[in-house]
Amino acid sequence: MAKRSRQAQVTRFAPSPTGYLHVGHVFSAFTAYHARGKGGTFHVRIEDIDQARCKDKYIDAILEDLNWLGLDWETPVRKQSRHMLDYDKALKKLDFKDLLYPCFCSRSDIMAEIERSGHAPHGPGGPVYPETCKKLSNTTRDCFIGKGKAHVQRLNTKAALAITGPLEWYEINQGLVKANPAQFGDVVLARRESRTSYHLAVAVDDHLQGVTIVNRGADLALSTDVHRLLQALLGFPSPSYDHHRLVKDVNGQRLAKRDQSLTVRSLRDRGWSPIEVINMSGFAKSF
Ligand code: GLU
């Protein structure tokens, strides 16, 4: 195999097709494209496991906008919804280690349990799951599953950390960062509607695509705590991370897909050129 030059990296831009790209995505995509270095590889990955929110028309528009901006990427583009078997394989590996349990709680069951117990540890994403279903016997679990009761699969995070011990990841520009997956409690790894979750699919895909640097917005830095744990459990090497600043609007608010005015589409329609859109994202100023 040809030896990679020192700076050659494998990077990716991984949008969810729930809307049009905005200038924040442009910054992220160009950061990842630039980070691949000379002779490196850049992937565009479509994160469409949430089939209720993702639309084909956005996939087409995202690829078309990226092409218009002048980016090129490895083909074929990986669409997560077509790779459910890969996520299933990872789930089975975790199940084999006895690290998963089915959870039958609805959102209101969880809130009621938190209220009843009188205390609710809070994680970055809100109250932490009170582990109600972890206490169920195997007989009850089998009975519920036999009756077709809807459920998700949760990670037994304490048991997982007992296997891995303390973890850290390498943050470019910062150095080693301690991972704290325990703060999220027993996260969902397989949802009711799809046999995976954002966390599981990202950890598996970054590994299968050989990603060496993950460039993404600072808002996703917290997810890395969980991704790092999954990598350790699944025997995947950990990429380096660059959680970059978020592009804000004139009011200092971070951009969202619902803000139509700063989508690449609308800027194109208003006659902006690719370089004007790239400059607006602030990308050039960062290098
Ligand atoms: N699909 C995620 C998003 O569009 C990004 C995930 C990632 O980069 O890990 O926000």
>> Could you tell me the relative contact order of the range 104-175? Use alpha-carbon pairs under 8 Å, at least six residues apart, and round to a whole percent.
In response: 32
>> Order these by the 10 Å Cβ neighbour count, fewest first: Arg45, Arg107, Arg141.
In response: Arg107, Arg141, Arg45
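Which value, in nm² and rounded to one decimal, describes the direction-averaged projected area of the C-alpha convex hull of the chain?
On the way: hull surface 69.6 nm².
The Cα convex hull of the chain, projected and averaged over all directions, gives 17.4 nm².
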> Once Rh is set to the Kirkwood radius over Cα pairs, what Stokes-Einstein translational diffusion coefficient, in µm²/s, holds for the range 145-287 at a temperature of 4 °C and a viscosity of 1.567 mPa s?
Replying inline: 73
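What's the Kirkwood radius of the range 61-216 in Å, using all Cα pairs? Don't skip to the answer; put the middle values down first.
Working: mean 1/r = 0.0550 Å⁻¹.
When all Cα pairs of the range 61-216 are included, the Kirkwood radius is 18.2 Å.
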> What does the convex hull of the alpha-carbon atoms of the range 13-113 project to on average, in nm²?
Replying inline: 9.6
>> Tell me the net charge near Tyr101. Cut-off is 10 Å between Cβ atoms, Tyr101 excluded, with +1 for each Lys or Arg and -1 for each Asp or Glu.
In response: 0
> For the chain, list the cysteines whose Cβ sits under 4.7 Å from no other cysteine Cβ?
Replying inline: Cys54, Cys105, Cys143
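Pairs of Cα atoms under 8 Å, at least six residues apart: use those to get the relative contact order of the chain, whole percent. Walk me through the numbers on the way to the answer.
Numbers: 433 pairs, mean separation 70.5, N = 287.
Relative contact order here is 25 percent.
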>> Over the Cα atoms of the range 30-80, what radius of gyration and what Dmax do you get, in Å?
In response: 12.1, 39
>> Give me the percent relative contact order of the range 49-148, please, defined on Cα pairs under 8 angstrom at least 6 residues apart.
In response: 21
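Each value in this text was obtained by applying a stated rule to the coordinates, not by laboratory testing. Not measured: the values here are computed from a predicted model. Neighbour counts are summed over all protein chains in view; Cβ atoms, including those assigned to glycine, are modelled from backbone coordinates with ideal geometry.
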